[in-house]
Structures are given as C-alpha cells and as structure tokens.
Amino acid sequence: MTATRDTPPACALPGTLPPLADALPGIMTCVHCGFCLQACPTYLALGDENDSPRGRILLMRAVAEGELPVDDPDVRRHLDRCLGCRGCETACPSGVPYGQILESARATLNQRQPPPRIARLVLAVFATHHPLAATLWAARVMRGSRLAALLARLPGRVGFSFAMLAASAPAMPARPYATRGRGTRGTVAALRGCVMEGLFAHVNRATERTLEENDYHVTPAPGQRCCGALHAHAGDLVGARALARANIAAFERAGVDYIAVNASGCGLMMKEYGHLLRNDPAWAARATAIAQRTRDASELLAAAGPVAGAPMALRVVYDAPCHLVHGQRLHHEPLAVLAAVPDLVTTTLPNADQCCGSAGIYNLLQPELAQRVLAPKLDEIAQDGAPLVATGNPGCMMQIGAGLRRGHIAARTVHPVELLDASYARHAHGVPAPRR
Amino acid sequence: MSATANVAHARTTADVVAAVANAVARHSPVRIVGRGHWLDAGRPTRDASALLLDELSGVVAYTPGDLTLTARAGTTLADIAAVTADHAQWLALDPFGPLDGTLGATIATASAGPLAHAFGTPRDAALGIEAVTGDAAIIRAGGRVVKNVAGFDLTRLFTGAWGTLGVITEITVRLRARPQVDETWSIPVPANNGALEALCAALRAAPIAPLALELIDARLAAALSLGDHDVMLIRLGGSEESVRAQRDAIRTVGAAADAPAGVWDALRTSDPPGSAVVRFSDLPSRVADTWRAAREITSLAGGARQHASVGRGIVRVIAPPNDDAAVTALVHAAARAATAIPERLPGTCWSALTTPMPNAELARRVKRAFDPANLLNPGILGIEP
Amino acid sequence: MTRDELAIALRAIVGPRGVLSRPAELLPFSADGLPTYHRPPKLAVFPSTREQVIDVIRLFAREQWPFVPRGAGTGLSAGALAGGDAVIVGLNRLTRILSLDPVNRLAVVEPGAVNVSLTRAAGAFGLYYAPDPSSQSACTIGGNVAENSGGPHCLKYGVTVNHVVAVTVLLPDGEVVSLGGAHGETPGYDLLGAFVGSEGCFGIALDVTVRLSPNPPAVRTMLADFTSIDAGARATSAIIASGILPAALEMMDGPTIRAVEASIYAAGYPADAEAVLLIELDGLEAGLDADARRVEQLCLDAGARTVRTARDERERARLWQGRKKAFGAMGRVAPALVVQDAVIPRTRLPDVLRTIHDIAQRWRIQVCNVFHAGDGNLHPNIGYDPRDSDATDRVHHAMREIMRACVDAGGTITGEHGIGLDKLEYMPLIFSPASLDAQCRLRAVFDPDRRANPDKVVPQHACREWTQAPAARAAATVPA
C-alpha cells in the first residue's frame, strides 16, 4: 500500500492542524444567514444553535483560527452530535461545503483526542476484510435463528441494535427470474458493500437483476472493499483513503462504464473520492475518474426508463435517504423506479428530506439523540398508514425498520429496487406488464 | 375660561408651538379643532381654549409617481380628493361626517369608513407625521416613503390618540390608484332567520374582491333611497374586465340592483346632527349576532339606525337626538358590550360607561410621556395622567 | 447577584439544558444574520414554556438585569446581540401554533414559531400568512413582530404590523399585558402598533395573533430583463405610476444575477442582463391577463429585452427561489457581506441607483443590488474581505455615502431590517434631537429601566431623560 500523504498544505495557518485549515475557505463562504437552522435535525430536536450548522461552523471556524483550542470539550460534543446528513447543504444558498468541512474538523479533532472506543472498534472491523466478514456472518446467523427478533424486545440501545438486525431481513420474498436485457446501455460493476452484501444480499441481487433487465451488462469487480464512508464521517480520513485506493484499483481493473451503488451513503462517498484524495498526486486523477463513473442504482434505472414490470397493487411511502437527496441531490430517480411498478401507489413522507437518525454509526454513538430524530419520522409513517416504507440506504432501512418494530407500527422497510425486482419477477412468472 | 372665550388660529407649525408653549406657561388646556365638525365626538373635555388648525392647510408635497402625499393637518379631505383626482389617485379614507373634514382630524381620531374593508384604517394610511407635543416640542415620526421601520412607531401611536399626545401639524399618507371602474350594487337581505348568515357566506365564497361591503338597515336604506328593507351594499372596483366578472358573480348571489353613485357620500353624511353613535364589534364570523343585538336598540326608537362593515365585524348604531329611550338603551348596551367604541354621546352619559380602558396604566404612562401637564384635549379619551 | 449566581437561578427555572454559560457555547450567539458585529453574551437562557419565560423575566426584573430577546438570529441589523451584562433570552423553543381559526382567518402562535410553518399550517384551509421576509424558512414570528418585517409581497399586502391583530406582551418588569384584540376594535392608544417594530425594547411577545389571508385565486409571475439598471428602474416607476399594484415587484442587478446563477439556486435569469425585474400579479382571474399585458408593454417601453411569464407553479417557484436566496448566494462572491436596507421615493429609483453606482466606482467596491423595487426599498449589498482593512474602510465610507444619498432623496435608513446596532449612527440623519427624545420617552413607558435590548434603536445620548432626568423619566416612575 502507498504511504499516506497527509502532509499539511502550504496554506495552513500557524498553530492550526492541517485538515481544518484546509477547510477554512469553505467555512468563509458562510454568510451566517441562518437558513440552515430549520433543515438541521439536531437543531430541531435540541433548539440549541450550537447543534445547528451555523453554530457548528462558527465553532469550527474558532478552532481553525485558533480562538478555541482543538480539544475544547464543547466543540467536540456539538460536532459529535452532528448526523452528517447534509440537509443544511440543500438549504444553504451560499454553497457551504458543510460535509467536507465537518470531516476535516473531525479529522483535526481526532488528532488531539481519539473518538470513543466503540467507534474505533467498529471502524477497525469495517477496515479489515476477515473480521468484518465474520461479524456479518454471525449477524446473519443470529438473524436467521430468530434470536434477533427476541432480543429486539430488550430495552435501550442493545434491544434497538437487535431490532435493526431483525429489520434487515427481507420484507418480501425474492423470486429469482431469468433476466432478458440486451446489455446495450453499457457495462456496470456494482459496489457490493459490506453491510449490503452481509445483511442485504437480497437487495444486491435485486439491483443486479433490475439493471440487467434494463439493458445494462453487469460484471463483477473483485478486490473491492468497504467504501470508507463510515471512516470519513468519523474523521478517520487516513482509513477512508486507504479503502478508497483499494476500491479505485478494483473498479479500474473491472474496466466498466459505470459503478452502480445501491447504498446512498456509499454512493456519495465514492462520488467524493476525488475530494478525499485531492492532495494525493498519485491518486487524485484516478479517484476523480472513478467518482465520475459512480451512479446510484436509481440513476441508472431512471436513465433507462425503467421498463415497467407486472402490476402490484400495494401502497408504499417513500423516504429519501439524506445522502441521496442532500448529498447526491437525487430527488426524482428513486420515485421513477417506484413509478415503473404498475398499480403501486406511492406517497412521500411530508418531511422525507429530514434525516431518520441512522447516519452511519451515529445511532451507536448518540443513541438518545438518534431516537429523538427518528421519532417524528415514525409518526409520519404511522400517519400515512402504508405497509411499506421505501428508502435506498441500508442504515436508514435498519434504523426506520427497528423504530417501526419497536413502535409496533405495522410497516416494513424495503429498498426501491426490491419493489421493481418483485414486479419484474411477477412478470417473468406470468403476470403481464401493461404496455406503456 | 370657556372654549369660545379664547381662540387661537394657527397657520404654521410655529404658531402651534407658540400656542402650546403659551398653554404650558399658563397651565391652560387646549382643545384642538380642525373644522369643528366633530367637536361633539369623544368624551367632553375640560374647559379649554380652542386651537384652530383649519388655516394650517395645504398640500406640502405630492409626487403622483410615488403615490404619497404630504399635507398640513387642516387640509380637508375634499381638497385632497380634488388634487389627487387629477392623477387618477385617491386617499382611500371615507370617515363618517361632513366631506370637508380635515386630514388632521381623520388621523387624530383614526376615523374609518366603509372603504376600510379593502384599504384599512388611517393607521394603515399614515406614513409619517409632524406634531407638537404637550411640552411644545416639534417631533417628526415615520417619513414620506411607503415602507419604514426606522425608530419606534410614534406615527401609529399618535394616530387615533385624539390629539392627547400632541397636536398633529403635518401628515404624509399613502395614496392608491383610483379604480378604472367604480360601481356599487345593492342586494336586499330577506328578513327570515338565517338569511343574513347565508348572504354573508355566499359573498365570502364568491370570486369578488369588493372595495366595501356595508350592511344597511331598512330605515337608513330608506333615507338613502335604497328601498324599504335591509340591503347589502357592495362596492366593486378595478379594471373593466375584473369588475364585469365580479358583477356577474354578485348576480348569482342575490337580486343585485344598481345603486346610485352618490350613495357612499350620502351614507357618510347621513348621521342626523347631534346623534348618539356607538360602534359595536366582534369577530367577523359573528357579525350577524352583533347586528341582531344592535337591532334590539334601534327597534326601540323610530329614528334609530344601524349599519355594519361586514368584513370587519363592526356594527355602527346611530340614535337620533332627543330620543331618550334609544340613547339610554345605546348607553346601556355600550356599558355591557365587550367591545363598544362610543363615538358621540350626550355629555352626561359618559359616566355610565364604567368599563375600565384596557391597559389603563400603560396609557397613563404614555400620556404622561408626551403631555405631562395634561394640556392637550384633556379628558377626551378618558385617560388622565 | 453575580453572573454565576444568575446562571444557577436561571437553571433552576429552565433546567440545565436551558442555560449556556461557557464561552465556546456562547459563540454562536455573538452574532445574528449580520456577522460584521460580534458581541459574545454573558449568558444565554432558553425557556421552553410561556411560564418559564415569565419566571426568567421576573428574575431579571428583581435583579435589575438587562436582557436581549432573540428568535432565530436571522436579523440583519445586529439587533439580537447582547453586550455588557445582558443575557440572551432565546425564544426559539416556543414554536407552537396555539390555534387556527379558518373562518375568521386568525392564528395564535408562540413567538418562536417559524414564519413558513404558519403558512404551511394555514395551507390546509386555503390560507397563508402574507408577510414573507426572504428568511421566512428560518425566521420566527416573534422576530418578525420585533422588526416589523417586510418581504417581497408586502408591496400589495402590507408589512407585519398590518397582519398582527393582538400580542400578549411580557413587559420588562414582569407584568403581562394584552395589546390589541381579535374581537373587534380596541379603545385607547394604539399600543399594539407601537409594540410591533420595537425591536425587543418594549418587552417579549408571549403569543401573537395574526391575520391570515386567502390564497389568491390567480397568479402571474413575470420576469423582465434589461441591459441597464436604469431601464429596470424606469420600468418600475412606470408600473407603479400606472396604478397596477403588483403583489411583488423585485429587482436584481447584474452582479446579483450572476451570483444567483452561479449558486445551486440558479433560476434561469439571463446571465448577461444588467437588471431583471421579477413581477408578480395576483388576484381574481378576470382581468389579470390584461394587467399582465399592460405590465409587459410598460417593461418593453422602458427597454426590456424580453418579458416572460412563468408557465407553471414549478417555473414560478424557480424564479422566486433565485430571488429569495440571493442574499446567501452572495456568500460565494466574497467572505463578508454588508447587507444594507434603505427606502427612497419610487420616482427617485433611477437617479439614486445611478448615484449608488457612482459611489461604488469612486470607492472601488462591488455593490450588488437586490431589492423590493415596488416599495422603493433598496438593498445595496457589498461583498468584501474583512481581513483587508483598506477594503473594509472603503466599504464603510461608501455605505455612509449611500445612506446619505438615500436620505437626501427623501428616503429613510431602513425599510425592514430595523435599526439595531447597525443603523444607530444614521438615526440623527433623519430625526431631530426632539424626535429622538420622543422615541426615548415611548421606550420609557414600556421599559423605564432600559433593560430590554439596551443600547439599540435610539442612540442613548439622544435621550434627554437620561442626561437631564426631566418629565419622561418622572412620568414613567410616578405612581398612578
């Protein structure tokens, strides 16, 4: 592996640690207008501007300019509470790159004071192949034994974790079918992901089938790893860069037109590989090239139509994953995927663009706040009454799914491509698709 | 000293300052007078020397393109109407009383007429004032532009203060473009139960944007030659096309008849001299109830009348002079009502109104702040320092 | 009582999460939407209930402690800053809509309710809350009442004071009074009118009763583009003089257009235009198209290149989005921004805009004009780098000249942002000493001790009562 190149850029201010100083120009684009406040889930939950984007930017600026020490406990606490949902970026008229500033700040703070042990443990597991595979295998066994469902009733953080595991089980049985695509829309390698392949393999298969059904040629990309999003969000930029380099190499070898990602958090990370490795001369250009070929699965499907499947008279309510709607700015594509299922009645949650509180490992680190952020989401789902909640990110599927389970709300989470896949399966098994 | 014994005529703001300074020096109260039409309005004031402002008149500034006009307080509404009509504009204030009432009195008493339905009250029209306070200081508040949040809003405070905080000497008002078409329709209101509510609901739902919506009782209707039953007067304004569509909409609501163009001026000047007048108000949704409660008073006397600004929920009751039964009922009703504003009552009747003014202590503090010696229109609002 | 003792007493009222006292956590409250001013408060307290607000203010009254009410901190006059010993009282946790009466079109809201949340709640009944400051997605009704906020649609529908019918006010001495009333006319002085726009100096609004308006049945949103500011200004004057009263008539100049188009809120304004007018007509369907044709002709006569009308709600929203986010979009132009606010008579638009242009050239600064042209309410915004002291000086000189030009044209120094700290120095430009003193006297009626948002709105030296202690101060303290 190449040596890390985290040397301070030339413009770093004296006395400031490098990553945050690098983010200072971004910080300076904030005009303090406050439009971000109502877009911030933690501000809405806590009513404290320290827990808002504008407040956090001021705190980060104070650290960057040496006004506050890097190890100021208040700065740490309020940055730790940030979900990284990037809802503020959508609300920001000045284009403040909040997510990138936050990652820089966390990296800077981590240099002085490491993140909590549980976070380090999780990140270490995700950064190494075999322990991760073993962990996910154990989780699957647990889920399959129905022990998870039982333990999900435990109170507190432990019970919620098992409820999340239970919520990762398929909501609808997959029925494989022979795809009939012509492969004319280009070659695609899918990011298998870690949690996705470990707990949501059914979604990965559905993604491959629906892409093929829409004329993409899907090929494997061996050697790929965890995308590094969890590490980057937690400020472990060194770890994130190492994983990114591995993935860039793997997808270069696959030689595909597109990289399809069905987990929006991972997709956003890969789309930002260029930024992540911008100071690494050997990798910057390669990272940008891979980032430019990365697509959310819904983008590829929407670009192809997608072709309609067989009718399914079902109700589903859509909730937008933050890293899809705010990070990747994709609003219509997942809805286009759902619209390709005839007779499917799709509604959108009133505050679909608000975070569910999942946010990577946030619900492990800030369990209480994660629950407070989740609560209004669950209320809206109960109000809607649809039996299915579609959202295109595994963390959100598990967080919302666990909340539904523990809140005794009769709804399950699904990935949009699962519904499209089921519709195609019905068609393949004999129910005709209506002509468009 | 009586009001007639000592009269000062002010032609300039400096005259007003001199008069107030003189009053301060002699501890002698001042009764501010425009054209003297409304001297019987408000509570009786203590004996005071009159300060006449009718010659403090004339338009100071009028740039039609700005839709603002600055005039001295004694300028009459009729004069302003004449000046602005040349540019197809108007000051959309039509207070009840003679048409040559002054701008100063209109602003000082915040008197509004039927057009308030669409254009608001004097508080919405006044953009700035010059005034002389009770310690003879000239102050200016607001400005000559249509939007202004510089400093605390003394313009609103002085508007409707009945001269008790200062003598208003100059006012800037917001003008409006006169509608191309301006016409009035009357719809008879059937006497049966619920008819008024039904008509109000229908008008509310209709695609119309009336300039005024005034309910007139049968006696007043007769006096205005509108027939012999309650009628709803609907004033429509706007472009030819817009008014045509609204006219069609009104015709689906009831049997609309064309009302004479002069009906609004006739209504404004219809109070018999010396009448007792009280306004009752409640939520607009309860205007029919307020109307019926007022009817209990007007039914007592042959000459009593009532009319209502339907959209604002205000019913105005006029009891004729020398009709003791009606006046007594009116005073009793005013004393009981949650929101009654007496405009004019016989001087002896005011003591029957014992409901304390809301925020009396704050009001006293305001009075003390601007007229500490209680020299300006003392007693007219019932606020003693 | 020391500051630390006060913090303990406040925590006893609002709980530990309701008081901030450490310097780092107070940092976000050292500025509002105008970050050129910084004043770190000594403490910040965040009541969650009306009762807590009352208890907090009564504690301050007992201790004679100064305080500054704060909503969302989106104000643009540095009005929500607490200097000296003053404590920030954050009202942003009182966000409920207490009642909504669709028949009488009234709503009662807590002060921290966000402006747009009211329109969302009223939408179900075909109603909306008309005052629409550009910050409406974040600013609070309490803050709107304090500033008497305007917004693009105030041209036709009026500013906050025209839409507030009652306020329950907590006076600085802890007394609760009801000003105005929803149930009809209120006798006596217009204390409600005096309270609205008092910038937090007269007390705290515990609840606000506002008038809602029915959604207009029909809307036409038009965009006219011009190759000179002058032509845009002439078109504005012509439209106003024509008697057509648009719901909104907004102007943006070339630099603003280009900043917007470079932001994520690109609205499709022609990037080579030197001015665009965003004109919205609304009302009854009948006659609206005829008005739109007249407006179009007036624009073309004034030199518009093109005039186009939004075809659907989506296009309308896009055109508006660019305008509403223009101020933020300038953040990408320069690291700091002076946002100005002045009003001039509408016939003076062309020459005052020319004067502003000349001033900008003379001081070598970049002015972005984005404003409510229909009201004559200018917002010349100047981007600069605060680390460059020469540039900062030039910006401040230019600002003063622009203000004076607006006053000389018969205008005023603020149309909707308020005086706060930022405009204090300009108050003597438009008010005589006696007029300023009269404002001090009114303040003393509500807050004789001058503890509510002290040092704002009226320069303290203007208050004779403070230096000479005559009538007003006596008036405020003499028992009834």
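Could you tell me the calculated FRET efficiency between C:ALA290 and A:HIS331, based on Cβ-Cβ distance and R0 = 35 angstrom, to the nearest 0.05? The calculated FRET efficiency here is 0.40. Based on Cα contacts under 8 Å between residues 6+ apart, chain A shows a relative contact order of 17 percent.
Exceedance of the 32 Å cut-off in Cα-Cα distance is limited, within the set A:LYS377/C:LYS456; B:LYS147/C:LYS42; A:LYS377/C:LYS324; A:LYS377/C:LYS42, to A:LYS377/C:LYS456; B:LYS147/C:LYS42; A:LYS377/C:LYS42.
Over segment C:3-90, the Kirkwood radius and the radius of gyration, each from Cα atoms, give a ratio Rg/Rh of 0.95. Normalised by 2.2 N^0.38 Å, with N the number of residues, the alpha-carbon radius of gyration of segment A:39-102 equals 1.05. Of B:HIS307, B:HIS117, B:HIS27, the residue with the largest accessible area leads and the full order is B:HIS27, B:HIS117, B:HIS307 (1.4 Å probe). In summary, the convex hull built on the alpha carbon positions of chain B has an orientation-averaged projected area of 18.5 nm². Provide the solvent-accessible area of B:HIS229, counting protein heavy atoms only and rolling a 1.4 Å probe, rounded to the nearest 10 Å². Estimated to the nearest 10 Å², B:HIS229 gives 80 Å². The per residue volume of the convex hull around the alpha-carbon atoms of segment B:278-331 is 57 Å³.
With a/c under 1.5 counting as rounded, go ahead and sort segment C:216-331 into rounded, prolate or oblate using the C-alpha gyration tensor (a ≥ b ≥ c being the square roots of the eigenvalues; past the cut-off, prolate if a/b is larger than b/c, else oblate). Oblate, because a/c is 1.5 or more while a/b does not exceed b/c. The mean number of partner chain beta-carbon atoms within 10 angstrom of a residue's beta-carbon across peptide C:333-342 is 3. For the segment B:119-125, counting C-beta atoms of other chains within 10 Å of every residue's C-beta and taking the mean gives 2. With all projection directions averaged, the alpha carbon convex hull of the protein assembly as shown covers 51.5 nm². Decide, for segment A:359-404, between rounded, prolate and oblate: order the square roots of the alpha carbon gyration tensor eigenvalues as a ≥ b ≥ c, take rounded if a/c falls under 1.5, and otherwise choose prolate if a/b is larger than b/c, else oblate. Oblate is the answer for segment A:359-404, as a/c is 1.5 or above yet b/c matches or exceeds a/b. The simple spin-label model puts a point 7 Å past each Cα toward its Cβ; for C:ARG305 and B:ASP228 those points are separated by 7.1 nm. Relative contact order, whole percent, for segment C:125-279 stands at 25, derived from Cα pairs under 8 Å and 6 or more residues apart.
Secondary structure note: in the protein assembly as shown, about 75% of the DSSP beta bridges are antiparallel.
The label point for A:VAL431 and the one for C:ARG11, both projected 7 Å from the Cα toward the Cβ, are 6.1 nm apart. Building the convex hull from the alpha-carbon atoms of segment C:370-421 and averaging its projection over directions returns 4.2 nm².
Put a plus charge on the Cβ of each Lys and Arg, a minus charge on the Cβ of each Asp and Glu, and nothing anywhere else: the dipole of the protein assembly as shown about its Cα centre is then about 3700 debye. Under a model in which nothing but the beta-carbon of Lys, Arg (+1) and Asp, Glu (-1) is charged, segment A:20-110 shows a dipole of about 220 debye around its Cα centre.
Across segment C:216-331, C-alpha contacts under 8 Å between residues 6 or more apart give a mean separation that, scaled by the residue count, equals a relative contact order of 43 percent. Residue by residue, segment C:349-359 carries 3J(HN,Hα) couplings of 3, x, 6, 5, 5, 5, 4, 4, 4, 5, 4 Hz when phi is fed to the Karplus relation 6.51 cos²θ - 1.76 cosθ + 1.60 (θ = phi - 60°); x denotes Gly or Pro.
Across the options B:LEU236, B:SER225, B:LEU215, the greatest Cα extent toward the positive end of the charge dipole of segment B:95-251 (unit charges at beta carbon of Lys, Arg, Asp, Glu) belongs to B:LEU236.
Projecting the Cα positions of B:THR290, B:VAL331, B:GLN306 onto the charge dipole of segment B:261-352 (unit charges on Cβ atoms of Lys, Arg, Asp and Glu, taken about the Cα centre) puts B:THR290 furthest along the positive direction. Computed over chain A with a Gaussian network model linking Cα atoms closer than 10 Å, the most mobile of A:ALA234, A:ALA390, A:ALA289 is A:ALA289.
Measuring nothing but alpha carbons in chain C and taking Rh as the Kirkwood radius, the Rg to Rh ratio lands at 0.97.
The distance separating the Cα centre of segment B:144-192 from that of segment B:342-385 comes to 23 Å. Restriction of the trypsin sites (Lys or Arg not before Pro) in segment C:333-431 to DSSP coil positions whose beta-carbon has at most 14 other beta-carbons within 10 angstrom yields C:ARG364, C:ARG387.
For C:MET251, neighbours were defined as the other residues whose beta-carbon sits under 12 Å from its Cβ, and their charges (Lys and Arg +1, Asp and Glu -1) total -3.
The 3J(HN,Hα) values that the Karplus relation (6.51, -1.76, 1.60; θ = phi - 60°) gives for segment B:22-32 are, in residue order, 4, 4, 5, 4, 9, 6, 10, x, 10, 9, 7 Hz. Gly and Pro appear as x. Projecting the Cα atoms of C:PRO69, C:ILE430, C:CYS299 onto the dipole axis of chain C, where Lys and Arg carry +1 and Asp and Glu carry -1 at the beta carbon, places C:PRO69 farthest toward the positive end. Cysteines in chain C lacking any other cysteine Cβ under 4.7 Å from their own Cβ: C:CYS139, C:CYS154, C:CYS201, C:CYS299, C:CYS368, C:CYS406. Report the paramagnetic label zone for C:ASP449: residues of segment C:54-93 whose backbone N is under 12 Å from a point 7 Å from Cα along the Cα-to-Cβ axis. Output list for this probe position: C:57-67.
Can you figure out the FRET efficiency of C:ARG3 with B:ALA352, using R₀ = 35 Å and their beta-carbon distance, to the nearest 0.05? Efficiency for this residue pair is about 0.05. Give me the accessible area of B:THR328, 1.4 Å probe, in Å² rounded to the nearest 10. Roughly 70 Å² of B:THR328 is accessible to a 1.4 Å probe. In chain A, the alpha-carbon atoms span a convex hull of 135 Å³ per residue. Given +1 at the Cβ of Lys and Arg, -1 at the Cβ of Asp and Glu and no other charges, the dipole of chain B around its Cα centre is 840 debye to the nearest 20. When only alpha carbons are used to place a centre, segment C:360-377 and segment B:92-108 end up 39 Å from one another. Dividing the Cα radius of gyration of segment A:308-429 by 2.2 N^0.38 Å, with N the residue count, gives 1.04. Using a probe of 1.4 Å on the protein chains alone, the accessible area found for A:VAL316 is around 0 Å². The mean number of Cβ atoms from other chains found within 10 Å of a Cβ in peptide A:59-71 is 1, as a whole number. Note that segment B:318-333 has calculated 3J(HN,Hα) couplings of 10, 9, x, x, 6, 10, 4, 4, 5, 5, 4, 5, 5, 5, 4, 5 Hz, one per residue in order, obtained from phi through the Karplus relation 6.51 cos²θ - 1.76 cosθ + 1.60 (θ = phi - 60°); glycine and proline are x.
Separation of segment C:1-74 from segment A:267-302 is 46 Å, based on Cα centroids.
Using 0.36 nm per residue and subtracting the Cα-Cα separation, the extra length available between C:GLN460 and C:ARG354 on full extension is 34.7 nm. If I fit a long axis through the Cα atoms of helix C:288-302 and take the longest principal axis of the Cα atoms of chain C, what angle between them do I get, 0 to 90°, rounded to 10? Roughly 70 degrees between the two axes.
The values are calculated or read from the model by the stated rules, or taken from the named source; none is laboratory data. Being a predicted model, the structure only gives us computed values, none of them experimental. Virtual Cβ from ideal backbone geometry, glycine too; neighbours counted across all protein chains shown. What goes into the accessible areas is simple: the full protein's heavy atoms, side chains included, and nothing from ligands, DNA or RNA. Shrake-Rupley method; radii C 1.70, N 1.55, O 1.52, S 1.80 Å.
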